[in-house]
Every structure is written in C-alpha cells, then in structure tokens.
Amino acid sequence: MRPVALRLSTLSRGLLTPGRGLTQGFQNPEKQRVFHIHEASSPIHVNNVRDKLREIVGVSTNWKDHMKAMEERKLLRSFLAKSQEALPPRRMKDSYVEVLLPLGSQPELREKYLTVQNTVRFGRILEDLDSLGVLICYMHTKVHEAKMSPLSIVTALVDKIDMCKKSLSPERDIKLSGHVSWVGKTSMEAKMQMFQLQDSEYCPVLEATFVMVARDSENKGSAFVNPLIPEGPKEEALFKQGELNKGRRVAFSSMSLLKMAPSAEERTTIHEMFLNTLDQKTISFQSRILPPNAVWMEKSKLKSLEICHPQERNIFNRIFGGFLMRKAYELGWATACNFGGSRPFVVAVDDIMFQKPVEVGSLLFLSSQVCFTQGNYIQVRVHSEVASLHNKEHTTTNVFHFTFMSENEVPLVFPRTYGGKLPGLSLTKAGTLQQIFSFSLAGLGQWIEHRPAD
C-alpha cells in the first residue's frame, strides 16, 4: 500500500515544500520588509477593531437598531463610483494597518485567547485576521467626502495562512499588520503578517492572504474599488503575485470536479488505492481489508451543530466570518486530535471558500473528516451548511481545509466504498496537497456509481 501513498505524495506539491513547515519561517526575508511600508503612528488595540468597522459602516451595536441602520445605508448609493477609472488610485501604504494584541502587557485579555496547554487559541487569531482584513480594505477604499463608507466589504476567500511557529505564548504581546497588495475591479487581496514579542523584538510567526470583495451599500451587488499603484520593485512583485494568485484561482475553479471529470492519472491512482484494499481471497467489491497501520476514512468523522445567535453577527448583520472559521477550525482540530491520539499543531490553512452568507438564527451544521495523512501530518476538511426551517433543505455555505502536525506518526486513511454520487464538494484538481489529496481520498468513495455485488 505504501507505493500508492508515495505516488500521491509525488503528485502533491504543497505540504512539505519550503515555507509550509513550522520550522522553516518565511521563504524570503526581504519580502517581510514590504509589510513595514509605513510605521503606523499608533497601532489599533485589538478590542477596537470591530468598533472601528462599525464606525466606518455606520451601524449600531444594538441588535434592535440594525434594520434602521441598513435603511440609512441606502442613502449612500450616490457615493458609489460608476467605473473604477472614476476612483482615485491608492498606494499600498495608504491601507497599512497595525493592530496590537497586548497579551503580555494586559493580562486581563489572556483568558479569551488561552488554551489549557498555555498556548494561544488559533481560532481566536482567525477572528482577528478576518476583522483586520476587512479594515485594511476599508482603508484602501476610504471616501473622504462621505462620513460613512458606501461599500459593503466582505470576505470571499482565505487563500492561505502559513505558520512558522508551532505555538504562541499567551504571555507576550502580539502585533498584526497588513495592507492591500492587489486589486481587481471589485475585489482586493490583503496580505497580513503576525508577530510576537521576543527579547524586545517582534518576530514573525504567521503570514496570511485574504481576498475581499466590495459590494454596494445594501450588500446586493458588486461595487468598484480604487485602483492600486505599486511603488518600487518589491511592491510590484507583490502586485504581480496577486495577479498570479487570481489566475491560479480561476484555473482551479475551471477544473472543479463539479465541472470536469477526473483526469486519467487521478482515475488510475484512485483505482490503485481501491485494489490495495481489495481482499484477494474473495475478489469481491463487498469484501475490503485495510492495509497495515491504516484506518477507514469514515471512522475519522466528527460533527457539530451551532445555533447562530445575534451576538456573532458582523457589521452587516450576517454571521461573522471569523466566527465560522473559529468553529470550523476547532472542529478540525478535534478531528485531528481524536485521529492522531495527541494534541496537533496547525501548519497551514488553505482555500477557505465563503460561498454563501450565514443568516442570524440559522442552524449551522459542521462536518469534519481526515482526508489524507503522511508521516505525522494530517489533512482535515470541514464542510458547513445551513438548514432551511421551511423545507429542510441543506445549503453549503463554506468549505475549510486545515493541515495539522501531530506529535507522533499517524495511520493512513482509506475510503471504504467505491461508490455513491459526487457530493457538493468545492474541491479542485490542482496538483497541490490540498487539492489532490482532498479529491483522491475524500472523493474516492463518492465518484463512481455502486457496482452490484459479485
């Protein structure tokens, strides 16, 4: 069975490449300096970020006032540009924001971020990154003539988050910073980094890329954003990378399993995996055996249910994307912990797709399972959907992908069945760990119709 797993490893080009491991740090030290384009005069306290966003959008903290606030935002339509050319261009430093999370200097903040292992809760960091990404984009699109922004900026995609440290100390200050690094007509890419104070110096611990989209004042249609002018070769390289990222996302979308059949190589790999779990004594589709040190994939599943209360709403009275990421991450972490038998550490987050907004009051169903393992690495996919209270239909809202590192080597995972219909998987067939493994393993048991028993 090992040759099949090794072949999948060869197909993948993401998990163990430089820059994706915990001990490697960031690949290009020079790139880090771009994030220090402009030293913020005074970093924003983490507790004030959401208040700053409410001020920009003009919404109330009182749930009862949200309908009135949304009505008032209709008046901002006159400030929306008819074309991108009508908007003044911005520079990267115009959107630069720093946020301070003073866990060391303000111990009263620690409990919210503290784990029982005396580390920082990564789910809380995801919430802070989401809020910071939105604030950065509002800084880029600031309309000086209007008291409130006419735009509704929402998270569309978490392209990637890479960790370069296994865990964070809850007793040292953390600083988050970032700026807009690329813009399209109606979308923006926000690059962010996180640093932690160590020996009187802030050291990088995380790098993240989020994609935001601009909507009109009522959040009903797309809206144009200010063009971005890179200054100097470093900023030009960042902008060019943003263009490449966009092209990659478009290409991946066109190769989605919901649009294109699996390739010949993928079909061969899937069939080889099936043959390696076939009982050679019976040669029956009904008779399957596990190779040594392997677990059926269905045994790795965990599920949870969340009631979406008003407390978790965003500035547009939908459920906060950071809350969704935190809940998905915590379920994914529990899945990896339960599977590996030890407390795992997050290595990377990839391709979190926000397909539909989650309304306040929704029943949010989360399901998680291990898709692939290699050595002590665990790939986990979390799927979220909401249920309609009227017709009981379930609609996919998000798909999350997390890579964890376990303290010990973990078993291989194999799908038990070779049948079933392709579910609503928003996975692509790119040659990375995330896409190849998610398809080849999670999709194996849901690709070809069941064959009759021998």
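By how many nm would the segment from Ser287 to Leu363 lengthen if fully extended, with 0.36 nm per residue of separation less the alpha-carbon distance? List each step's numbers first, then the result.
Values: separation 76, 0.36 × 76 = 27.36 nm, distance 3.82 nm.
This chain segment gains 23.5 nm when fully extended.
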Got a sec? What order do Ser149, Ser304 fall in by accessible area at 1.4 Å, biggest, i.e. largest, first?
-> Ser304, Ser149
Looking only at aspartates and glutamates whose Cα falls under 12 Å of Lys234's and that sit 8 or more positions away or on another chain, we get Glu30
Determine the sum of side-chain charges near Glu189: Lys and Arg each +1, Asp and Glu each -1, restricted to other residues whose C-beta is under 14 angstrom from that of Glu189.
-> +4
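Can you tell me the dipole magnitude for region 174-217 around its Cα centre, using point charges on the Cβ only (Lys, Arg +1; Asp, Glu -1), in Debye to the nearest 20?
Values: 4 positive and 5 negative charges, 49 e Å.
My answer is approximately 240 debye.
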Just read off the accessible area of Ser78 with the full protein assembly in place, 1.4 Å probe, to the nearest 10 Å².
-> 90
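Tell me the net charge near Leu176. Cut-off is 9 Å between Cβ atoms, Leu176 excluded, with +1 for each Lys or Arg and -1 for each Asp or Glu.
Numbers: positive: Lys175; negative: Glu98, Asp128.
Here the charged neighbours net out to -1.
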Simple spin-label estimate for Ala387 and Met260 in nanometres, 7 Å along Cα-Cβ = 3.7
Plugging the Cβ-Cβ distance of Arg54 and Lys240 into 1/(1 + (r/R0)^6) at R0 = 41 Å yields, to the nearest 0.05, a FRET efficiency of 0.70
Which listed residue (Ala146, Pro170, Val205) has the Cα farthest towards the positive end of the charge dipole for region 137-223, taking +1 on Lys and Arg C-beta and -1 on Asp and Glu C-beta about the Cα centre?
-> Ala146
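What is region 39-253's relative contact order, in percent, from Cα pairs under 8 angstrom and six or more apart in sequence? Show your work: numbers first, answer last.
Working: 395 pairs, mean separation 54.6, N = 215.
The normalised contact order for region 39-253 reaches 25 percent.
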State, as an integer percentage, the relative contact order of region 293-415 based on alpha-carbon contacts under 8 Å between residues 6 or more apart.
-> 34
When each of Lys147/Lys175; Lys175/Lys303; Lys166/Lys191; Lys165/Lys240 is checked by Cα-Cα distance, pairs over 23 Å = Lys147/Lys175; Lys175/Lys303; Lys165/Lys240
Sorted list, accessible surface of protein heavy atoms, 1.4 Å probe, largest first, for Thr186, Thr403 is Thr186, Thr403
Pick out, from Gly104, Pro230, Val158, the residue whose Cα sits farthest towards the positive end of the charge dipole of region 39-253, with +1 on the Cβ of Lys and Arg and -1 on the Cβ of Asp and Glu.
-> Val158
For labels at Ser222 and Asn118 in the simple 7 Å Cα→Cβ model, what's the distance in nm?
-> 5.1
Set of lysines near Lys281 by C-alpha distance (under 26 Å), chain-local residues within fewer than 8 positions excluded | Lys299
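Computing the accessible area with a 1.4 Å probe over protein heavy atoms, can you report the carbon and sulfur percentage for region 293-415?
Numbers: 2270 of 4700 Å².
Here it works out to 48 percent.
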Suppose R0 equals 25 Å; then what is the FRET efficiency for Asn338 and Glu272 from their Cβ-Cβ distance, rounded to the nearest 0.05?
-> 0.30
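Using 0.36 nm per residue, how much length does the chain from Ala146 to Phe79 gain when fully extended, once their Cα-Cα distance is taken away?
Values: separation 67, 0.36 × 67 = 24.12 nm, distance 0.74 nm.
Gain on extension, Ala146 to Phe79, equals 23.4 nm.
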Over 19 Å between Cα atoms, which of Lys82/Lys142; Lys68/Lys327; Lys142/Lys356; Lys220/Lys356 qualify?
-> Lys68/Lys327; Lys142/Lys356
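The values are calculated or read from the model by the stated rules, or taken from the named source; none is laboratory data. The shown structure was predicted, so the numbers you read here are calculated from the model rather than taken from an experiment. For neighbour counting, all protein chains shown are included, and Cβ atoms are generated from backbone atoms with ideal geometry for every residue, glycine included. In case anyone asks, the SASA skips ligands and DNA or RNA and just uses the protein heavy atoms, side chains included. Shrake-Rupley method; radii C 1.70, N 1.55, O 1.52, S 1.80 Å.
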